[in-house]
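S.K.: Just passing along the structure, written as structure tokens.
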Amino acid sequence: MKQLEFKEFYRASQDVCLRAVLASVGDRQLAEDLVAEAFTRAWVSWPKVSRHPAPRAWIVRTALNTRVSWWRRRRKEVALEDGAPDVPDPREAEPGLDPGLLTVLRQLPQRQREVIALRVFLDLDTRATAKVLGIAEGTVTAHLSRAVSALRGQLVTADDGTANDQEVGP
């Protein structure tokens, strides 16, 4: 029973969790690794995770926490050559995410990306997002507002403003 229930959860959640983590970390290979690790941990703790109020959010939070743990370990192990990080090519297509949106998401601060991932990609409410991230609801609202403003400023072009000049209605 446990195995069948987990398989169904995995099939229904894997893509949306991957997109949420990808939006937060900005690197497809890293996002895939993090989500795989999070689902592995979920399988091991499935009785607990299945009772979580938002199991998908548990997966995403675990993936993001794993990233922090990996980063802490790696920064001690690997020195970057020439001081330049390996940045993925933004022109590479990411299934389910517009390349332009992904490029702009990568420019947001980490916490704003996490809020966007949980609120938009997982469709969690403010309270659930705050609980998953361990921050106040007002902080979630502030980060979401700042992120949306930044995204709007980057994604809306002057050409889009022409719709305001058109008459509406008969």
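S.K.: Quick check on this structure: which one of 61, 51, 67 is crowded, with 17+ Cβ neighbours inside 10 Å and modelled with pLDDT of 90 or more?
M.R.: 61
S.K.: Within segment 138-170, take every residue that is charged (D, E, K, R) and at pLDDT 80 or above and give me the one that is surrounded by the fewest Cβ atoms within 10 Å (Cβ to Cβ). Spell out how you get there, then give the answer.
M.R.: The first filter runs over segment 138-170 and keeps only residues charged (D, E, K, R), leaving 146, 152, 159-160, 165, 167.
Within this subset, residues satisfying the condition of being at pLDDT 80 or above are 146, 152.
Details: 146: 15, 152: 10.
Within segment 138-170, the match that is surrounded by the fewest Cβ atoms within 10 Å (Cβ to Cβ) is 152.
The values are calculated or read from the model by the stated rules, or taken from the named source; none is laboratory data. Predicted model, so just to flag it, every value in this text is computed and none were measured. All Cβ positions, even for glycine, are placed from backbone atoms using ideal geometry, and neighbour counts span all protein chains on display.
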